[in-house]
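Here's the structure we're looking at; comments come further down.
Every number here is computed from the coordinates shown, using simple stated rules; none is lab data. Everything quoted here is computed from the prediction, not taken from an experiment. Positions of Cβ are generated from backbone atoms using ideal geometry, with glycine treated the same way; all protein chains shown enter the neighbour counts.
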Amino acid sequence: MSSLFNLEGQVAVVIGGTGGLGGAMADALASSGARVAVVGRNAERGAAAVERIAKLVGGRAGETVGFYAADAIDKASLESACDRIHSELGPVRVLVNAAGGNRPDATLPPGADFCALGLEAWRDVFDLNLVGGVLLPCQVFGKKMLEFVAKTASAEQADSCSIINIASMSGMIPLSRVVAYSAAKAAVLNLTQFLSREWATRGVRVNAISPGFFPAEQNRGLLYNADGSLSARGGQIIGHTPMSRFGRPEELAGATVFLACAKASSFVTGQNIVIDGGFSSTTI
């Protein structure tokens with residue numbers, strides 16, 4: 001079984017690996033033997049992620065893990081990072097698209113008018129979650145993956161690369177208030193399935209992970225009050241979650257490694273793994 005979940009010597013890119021969820025996924029890939037490229041905009045947070053991962057795996061920065069500055073919604077920036085990663089670490093076999101987020105002015109507070117929602121905020125949320133979150137990274141890194149498979153893989157090894165998109169449970173169930181974010185994540189799921197069909201016979205599997213409620217920098221103020229107690233919305237979410245708690249970032253590790261490993265998930269593509277403590281299975 002250990003051979004099924006072994007990424008030894010493979011290069012894995014985690015876009016958004018400087019964040020909480022992306023960072024936990026980068027940790028999991030590195031712990032399974034991958035050489036990890038953390039991609040993000042903030043060099044300080046990138047350096048901290050590299051130091052943490054190198055310490056975790058007992059390796060050295062630059063050999064087992066590196067930070068590559070890039071803006072996910074800037075194709076030229078991604079192409080530059082991609083070229084550097086291939087030159088310094090090797091051909092990319094795993095891509096995790098963990099960049100994303102929301103804007104307060106793209107949400108609808110109670111009683112707000114949907115018809116008054118600003119188009120600029122809507123477009124920004126779609127750019128961040130769909131264009132930069134999936135489209136451009138898949139174009140840039142996916143192209144390299146397809147070229148790698150065409151040069152190296154036999155017909156029996158046509159599942160040698162993996163793309164993992166981070167969607168959201170709100171992409172399946174449109175949650176109140178976060179209208180633009182929910183719509184963008186629904187598009188992420190649709191694009192995931194489209195690419196899985198396009199590349200199924202070309203050696204690149206494309207899947208998604210949909211986290212439920214995981215407290216992070218962007219949503220902590222929504223889930224908790226300033227004194228650390230649950231907010232009204234946080235309490236509603238916990239009450240609707242059969243496991244009666246929020247998720248922990250490390251609980252994404254198993255699904256990440258499973259989807260990344262070609263031997264473990266060789267016949268898995270176009271799928272969405274939901275990790276939400278049962279939230280989506282509860283109706284009352």
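Structural remarks
- Relative to its Kirkwood radius, the Cα radius of gyration of the range 1-109 gives an Rg/Rh of 1.02.
- Spin-label model, residue 2/residue 108: points 7 Å from Cα along the beta carbon direction are separated by 5.4 nm.
- Loop sites in the range 9-81: trypsin sites (Lys or Arg not before Pro), DSSP, at most 12 other Cβ within 10 Å: 60
- Karplus-derived 3J(HN,Hα) values for the range 127-132, using 6.51 cos²θ - 1.76 cosθ + 1.60 with θ = phi - 60°, are 4, 5, 8, 9, 5, x Hz; glycine and proline are entered as x.
- Cα convex hull volume per residue for the range 195-284 (Å³): 117
- Taking the three principal axes of the alpha carbon atoms in the chain, the coordinate ranges are 57, 38, 36 Å, sorted in descending order.
- Exposure proxy order (Cβ contacts within 10 Å, fewest to most) of 266, 87: 87, 266
- Applying Stokes-Einstein at 25 °C and 0.890 mPa s to the Kirkwood radius of the range 118-265, computed over alpha-carbon pairs, gives a translational diffusion coefficient of 143 µm² s⁻¹.
- Distance from the C-alpha centroid of the range 133-209 to that of the range 92-132: 18 Å, rounded to the whole angstrom.
- A Cβ-based charge dipole, computed about the Cα centre of the chain with Lys and Arg at +1 and Asp and Glu at -1, lands at about 340 debye.
- Residues whose amide H falls under 5 Å from that of residue 35, counting only those 5 or more places apart or on a different chain, are 9, 10, 11, 12, with hydrogens built in the peptide plane.
- Judged by the mean number of other Cβ atoms found within 10 Å, the most tightly packed of the peptides 131-140, 63-72 leads the ranking 131-140, 63-72.
- Length gained when the stretch residue 47-residue 190 is fully extended (0.36 nm per residue, less Cα-Cα span): 48.1 nm
- Between residue 266 and residue 244, residue separation times 0.36 nm minus the direct Cα-Cα distance comes to 4.5 nm.
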